[in-house]
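Read-outs: derived from the displayed coordinates by stated rules, not from any lab. Just so we're clear, the structure is a prediction, and the values are computed from it rather than from any experiment. Cβ placement follows ideal geometry from the backbone for every residue including glycine, while neighbour counts extend to all protein chains displayed.
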Amino acid sequence: MAGWTTSDIPDQSGRVALVTGGNSGLGYQAVLQLARHGARVLLAARDPARGTAALERLAGAGVPADHAELVQLDLADLTSVERFATGFLADGQGLDLLVNNAGVMAIPRRETTAQGYERQFGTNHLGHFALTGRLLPALVQRPGSRVVTVSSNMHKRTSRIDFDDLQAERAYQPWPAYEQSKLANAMFVLELARRLRAAGLDVVSAGAHPGFAATNLQVTGPQSGGGGLMARGMGLATRLFAQSARDGALPVLYAATAPNVHGGEYFGPDGLGEMRGHHPKLVQFSRAAHDQAAAARLWEVSEELTGVTFEALTTR
């Protein structure tokens, strides 16, 4: 892995990939590189106009038109997730790679998803939990397929999932809510890997984080609802200290394409404190992420909240 760059991405010809939040930031960079290396990439975006603009940028970067396709998908609406997955499965095509990338960060005031769940937990975790479960039959069709879930090292700043106030109805704070959603992502990577292994399915569940990368995530969340001091502070910190989205996407691309990636592995930047770097490296989830009892409980709660039960894990 030492010195790994996008030039080391293997030929992706024949692979079908879906990248959520593919219209900007890490997602766009993942779509760009996967498509450049031959994959047919479904660029999932909530806003069709922004998705179309991303396709135009890809075309300007020399990506062939048949290598990138826009699909509308809103992770904050479980009905949208179900609609997309139902249509995808109806076509009978397999899926080689699912990159669970879309997310929101540090929304100043508590907001909710279409189904009434706290928006950060509902988008970052529940939306991707539901999407992965609904698309698992398509992933199983393709031997060696992968699910790459983008977490954050901010998950290490919280020690547990607050099951007593999971939707932050009693007390909402922007950063703790984000940290909890990212811990949920980390737990999902590991619990999905355990369940895939137990079921004997040839699907890899891996995680990645971008370090501190300059993306819309740091801006759109804090600015929602009026923004204010937190939004200005995040904008300044991003301009001064963040690395590019291109470099931030490297751990995601490594997890998605490199040979010999194993279930439960987690990749991040190789620089000091995993904040930035020009190459990816194998890193570690927090101790809390490895709490199997909490992860199993989170899985059960997520099934209840989304109505998605990952039938492919139990039907073999």
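Taking each DSSP H run with n ≥ 4 as -39500 (n - 2.57) and averaging over every residue of the chain yields -12500 deg cm²/dmol at 222 nm. Using a Förster radius of 22 Å, what is the FRET efficiency between R170 and T112 based on their Cβ-Cβ separation? Nearest 0.05, please. The pair R170/T112 has a calculated efficiency of 0.90. The convex hull built on the alpha-carbon positions of the chain has an orientation-averaged projected area of 14.9 nm². Over the C-alpha atoms of the stretch 87-221, the Rg to Rh ratio, Rh being the Kirkwood estimate, stands at 0.99. When peptides 285-294, 177-186, 249-258 are ranked by their average number of other Cβ atoms within 10 Å per residue, the highest-first order is 249-258, 177-186, 285-294. With a simple spin-label model that places each label point 7 Å from the Cα along the Cα-to-Cβ direction, the separation between E303 and D162 comes to 2.7 nm. Protection proxy ranking of 128-138, 39-49, 109-119, 159-169, by the mean of other Cβ atoms within 10 Å over each peptide's residues and highest first, is 128-138, 39-49, 109-119, 159-169.
For the stretch 277-287, 3J(HN,Hα) computed residue by residue from phi via the Karplus equation (6.51, -1.76, 1.60; θ = phi - 60°) reads x, 9, 9, x, 8, 6, 10, 10, 6, 6, 4 Hz, glycine and proline entered as x. Taking the square roots of 5 times each eigenvalue of the Cα gyration tensor of the stretch 19-159, largest first, gives ellipsoid semi-axes of 24, 18, 15 Å.
How high is the FRET efficiency from T79 to S244, r the C-beta distance, R0 45 Å, rounded to 0.05? So the FRET efficiency works out to roughly 0.80.
If packing is taken as the average count of other Cβ atoms within 10 Å, what order do 20-26, 205-211, 67-73 fall into, highest mean first?
The peptides rank, most packed first, as 205-211, 20-26, 67-73.
Stokes-Einstein diffusion coefficient for the stretch 77-137 at 25 °C in a medium of 0.890 mPa s, Rh from the Kirkwood formula over Cα pairs: what value in µm²/s? Translational diffusion coefficient: 197 µm²/s. For the stretch 251-316, the orientation-averaged shadow of the C-alpha convex hull comes to 6.5 nm² (one quarter of the hull surface). If you plug the beta carbon distance of D66 and Q141 into 1/(1 + (r/R0)^6) with R0 = 30 Å, you get a FRET efficiency near 0.90.
Distance between the pseudo-spin-label points of A199 and A296 (7 Å out from Cα toward the beta carbon): 1.7 nm. Result for the chain in a Gaussian network model with C-alpha springs under 10 Å: among P259, P176, P269, the largest mean-square fluctuation is at P259.
Just to confirm my numbers, what's the Cα centroid distance between the stretch 56-81 and the stretch 153-171 in Å? Taking the Cα centre of each part, the stretch 56-81 and the stretch 153-171 sit 32 Å apart.
The label point for L272 and the one for T86, both projected 7 Å from the Cα toward the Cβ, are 5.3 nm apart. Percent of C-alpha pairs per 10 Å bin in the stretch 15-70, short distances first: 31, 63, 6. Using the charge dipole of the chain (Lys, Arg: +1 at Cβ; Asp, Glu: -1 at Cβ; taken about the Cα centre), state which of S7, L136, A76 has its Cα farthest towards the positive end. So the residue we want is S7.
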